[in-house]
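Taken together, the values in this text are just the output of simple stated rules run on the coordinates, not laboratory data. Small disclaimer: the values here were computed from a predicted structure and weren't measured. All Cβ positions, glycine included, derive from the backbone under ideal geometry; neighbour counts span all protein chains shown.
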Amino acid sequence: MKKIYGGRWCNEGTIGEGGQSHIFRVSDRLGEYSDFLALKRIKNPERRQRFEREVEAVKRLSHENIIKIIDYSAFDQVNDLSEKMFLVMPLAKGGDLSKRVKIYEGSIDSMLKVVMQISSALAYAHDNNVIHRDVKPQNILFTSYEDNHCLLSDFGICLIRGYERITPDDEVVGPWEFMAPESEGGGKLDVTYAADIYSLGKIIYYMISGGIVIPRERIYEKKYSGIFSKGERYGLLKILLSKMICHIDQRLKSMKDVIKELEHIGSWESSARIAPLNAVAKDALNRMKQEQLESQNIKAQNMEARQQEMQSLQDVGQSFIDWLRVELETIRSFSHSEGVLHSEVIDLPADFTNWRTQITPTKWFEKIDGLAITLEKQQETFQKKHALLLMLCRIVEPRITPGGKEPLLPARDVQLVFLPYYCKLEVNKRNASSQWRGYLRRKGNIKKVEGTLVKQSFVSDKHSLTKYFKASEWPSSREEMVQTLNEAMETFITYVSQGADRLDP
């Protein structure tokens, strides 16, 4: 027996299935609609709010290129929600864009006929405070196989400005192949209309390339940029996509701006004929535009890469200091003896806040964070507080930009250094330090030279006690850090026990 929905819509067979819904072909038992229609039934009852939001969005959007809702289940019927949550729409007889993408390959005019319709639909949605967030080939439907009339569908994860957000903060929304980068890693509260612009840019490339999904902002790579070498209009298309498939700071801000540039590409041949410029001048102008866009894109990608590096440094730095504090507190508890030998774990002295040291003419160690452990002989005539500073540093090396052109610099696995350092503090002044300070020698180097355990200048990594590691190697390198800490403590304690009255230059 055929399933009936809403007392009216008779299930005539399955059309397809998505991540959140089933799609059925249905007929109208009341006879108002003679053609088959499509019924979308929501799989998960917990998605009720999204279902209601989709209905609300489509009801407020009356546009020739946005799917219409003919009927939907009542919101106040809560029993058996898996069956009650449905909506009925016109049946797209021409299928979706993924089924016919090959016919647009290499044809700007055919592609523009479709993209102009979707751009118009999105511009209208944005004017009505709706951000689609799920622009992908499967949601671009065609009314027939014979023409290019299309409909934007599936507003299930749309965002309506002014409405309470219903997507959990840590839930990724949208198709990852076409998703704007600011939406990756979890839905964000500050999503803007620019997210749809990014996705539409991916759609344009997908169509003109015959079905290639370009990953992230890699439009300038030879592998993906070859399709733009077919003439002036392809060059203009590349410029447009450079302002859509890019970092949000460089992206076009409105769908109306996208439409203007699409119209310019569509009418380029007729306008180019009347422009008082020869081919050489036009080529030069287009090259300058392209170079500037590429430069902007590189700067945006570099900025994002540096932000990723800084986040990695913060995460590793916090974890490293938490580990170091536990180790030092254990050492302190063993070292401290009331009235005999005072020991404590403290923050670095104030004059180490922006500490850095030059190792070679083109390399510095720059402190990220650190802690210190102190030793103070309570019965010493001239009381001194000795501190072993244990600093987490990063290596800083200047980048030389040839010809003044900024190169693309992807996020790196940051090189870090665990650096022990001696400092004699003024008694009762925890945040003050004297100039009596220096680098600890490596144990192997101590036996080879005549001199003290501490040297004011940093000779080399082979002579001074350091431990290099990359951000990705933490915390797996913790055992090696313990060995370095043990060696540093041995040298530090030996130096203090011998009187700590000599520093090598």
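In nm, to one decimal, how far is the modelled label at E17 from the one at I259, with both set 7 Å along Cα→Cβ?
3.9 nm
Kirkwood Rh, segment 4-90, all Cα pairs: how many Å?
13.3 Å
Please give the calculated 222 nm ellipticity per residue for the chain, where each DSSP H segment of at least 4 residues contributes -39500 (n - 2.57) and the sum is spread over every residue; nearest 500 deg cm²/dmol?
-11000 deg cm²/dmol
What does the extension gain come out to for S457 and R216, with contour length at 0.36 nm per residue minus their alpha carbon separation?
82.1 nm
Evaluate the relative contact order of segment 1-40 (contact order divided by residue number), counting alpha-carbon pairs under 8 angstrom at least 6 apart; express in whole percent.
The value is 31 percent.
Once whole DSSP H runs in the chain are found, which of them have Cα atoms spread over 24 Å or more along the helix axis and a mean Kyte-Doolittle score of at least 0.0?
108-127
Defining a contact as two alpha carbons under 8 Å apart and six or more residues distant in sequence, what relative contact order in percent does the chain show?
Taking the mean separation of contacting Cα pairs over the length of the chain, I get 8 percent.
Taking only C-alpha pairs under 8 Å that are 6+ residues apart, what is the relative contact order of segment 1-91 in percent?
Relative contact order of segment 1-91: 25 percent.
As an exercise, find the ratio Rg/Rh for segment 244-342 from alpha-carbon atoms, using the Kirkwood inverse-distance average for Rh.
Rg/Rh: 1.50.
No solvent, one uniform scatterer per C-alpha: report log10 I(q)/I(0) for the chain via the Debye equation at q = 0.06, 0.07, 0.09, 0.10 1/Å, two decimals.
-0.49, -0.61, -0.79, -0.86
Only bridges with both residues in the chain count here: give the DSSP antiparallel percent, nearest 5.
95 percent
In whole Å, what are the Cα extents of segment 314-497 along the three principal axes, biggest one first?
64, 35, 31
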